[in-house]
Amino acid sequence: MNRHLVILLRKLTRRTPRAAFRFFLILTDALLLWLALRLGYSLRFYWEGLTHIFPVTKGIPPLEIYYRLELVGIAAFLFCFSLMGMYKRLNLPALDELIRLFYAILFGLGVIMAAAFIDRAAEYSRLVLAISSSLALVLVFSSRETVKLSYGWLVTNILEPQNVLVLGSGRMSKSIIQLLRRHPELRPQQETIREPAALKQYIRHHHVQEVFVGEPDIPHKTLIAMAEICDSFKIPFRIVPDVLELRMGEVIVDDSLGLPTFQIKPVSLHGWTFFFKRLTDVFLASVVLSVFTLPLLFIAMLIKLDSAGPIFYKQPRMGHRRRPFYFFKFRSMRNDADRFLDELKKKSERSGPVFKMKDDPRVTHIGRFLRRYSLDEMPQIINVLRGEMSLVGPRPQVLWEASAYDEWARKRLNVLPGITGLWQISGRAQLSYEQMIELDIYYIEHWSPGLDLKIMLRTIPAVLEGKGAY
């Protein structure tokens, strides 16, 4: 590429590379949506393979009557894309992008069909809308993944990533570094600079274009001096408050009263994201319950034949926002198992405020088989349908275990507990208490539909392997 052109591109994108990338995505999305609608019309009415299956009985309508619908359709789809955060987060993993795109197109299709119903001046083919929406999903997803790869290559090899300095060495600073590394246009560097003069020298020598402060104990006067230095270099100076170390992803800045304040909000899963996750839970739980009704009845019969006592085990567990609920399982222990718990706690094979024992004498014969393949967890589908649990999330803890949580571990209670989760597919009972908490906190702070799907898919081989299950 011409050297002068490269220099010009670097100058143009140095300040607003993400804004330019966002504008390009909106433009390409709009063009591909238009193309999908035109192709949908052509395939429906002119492709013999389709017209043979779905004959055109009322004649081919002129393309002009679809012009109004095209404008409504493109606007509706772009609005739904924006609503799903597809222009806010530009570094979504491919699977997350596909899931969000599917939901956005589904809702956009609903808007278009409503508009078509209202417009009585013309009769629109529902098959055209269905084909166009399917094509839009394929075309936009393929385009976005291609653009993201091209953008990553461009900023890495030609435009040069922006140097971003992160001050600090603690957990907060490491979290900032991890988040920044997801953006190909940024090159994060971590330093423990605490003096304004040293910061000025570092910015000058390393061409830093943005500064993050992740060190909570830097004096206010020092921070003000550092901010003035960054202002003299015309670069942003961002302070990440130490409250984020406790509630990462749950803090937003609210200046509605004219005074900037920090407002706590639910992590990741709130508003539309919670609604979609709940909708998915109810749908999948209903499918599982209907498909596995006979096997579940067979398991219930085996439990009844194996030992005296009820089929289900019901126990209070700590749920979302510290609200206790009754947790259902197939009974895998003797009916009087809880009487011996205090005596066995000292033999727990896991550190921390949890109880796990590999050769628990209270487990029945059929119970050992059910536990090995996690079949005892199946009745928790009822908890999912009741809104007390999700298919994926941190496991619900018994009340005495949850009461011993420190502030860090209590973050697990900020989302609905789940039937499966990250630590279930990472070793289950073989993991330490600390590892379990770290995996659950990671899930809460990095939740996405794609992550849920990955966990559910990996749960199947983890269950069949039976590793760490007892």
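Just flag the trypsin sites (Lys or Arg not before Pro) in region 368-441 sitting in loop per DSSP whose Cβ has no more than 14 other Cβ atoms within 10 Å.
Numbers: sites: Arg368, Arg371, Arg372, Arg386, Arg410, Lys411, Arg412, Arg428; in loops: Arg386.
Here the sparse-neighbourhood loop sites are Arg386.
Pairs exceeding a 28 Å alpha-carbon distance, out of Lys88/Lys200; Lys148/Lys200; Lys277/Lys314: Lys88/Lys200; Lys148/Lys200.
For the residues Met84, Met389, Met333, Met113, what sequence is obtained by ranking on other C-beta atoms within 10 Å, fewest first? The partial results should precede the final answer.
Working: Met84 24, Met389 27, Met333 21, Met113 15.
If I rank by nearby Cβ atoms, fewest first, I get Met113, Met333, Met84, Met389.
When the Cα gyration tensor is reduced to axis lengths a ≥ b ≥ c, the ratio a/c is 1.5 or higher for region 3-157, and with a/b above b/c it is classed as prolate.
Taking amide hydrogens as placed 1.01 Å from N in the peptide plane, the amide H of Met389 sits under 5 Å from those of Val384, each at least 5 positions away in sequence or on another chain.
Taking the centroid of alpha carbons for each part, region 157-183 and region 24-78 are 44 Å apart.
Ordering Trp272, Trp447 from the fewest to the most neighbouring beta carbons within 10 Å gives Trp272, Trp447. Peptides 122-135, 225-238 ranked from most to least packed by the mean count of surrounding Cβ atoms within 10 Å: 122-135, 225-238. Residues Glu195, Glu445, arranged from fewest to most other Cβ atoms within 10 angstrom of their Cβ, appear as Glu195, Glu445.
FYI, it's all coordinate maths here, none of it is from the lab. Since the model is a prediction, treat every value here as computed from it, not as a measurement. No Cβ is skipped: glycine too gets one built from the backbone with ideal geometry, and neighbour counts run over all protein chains shown.
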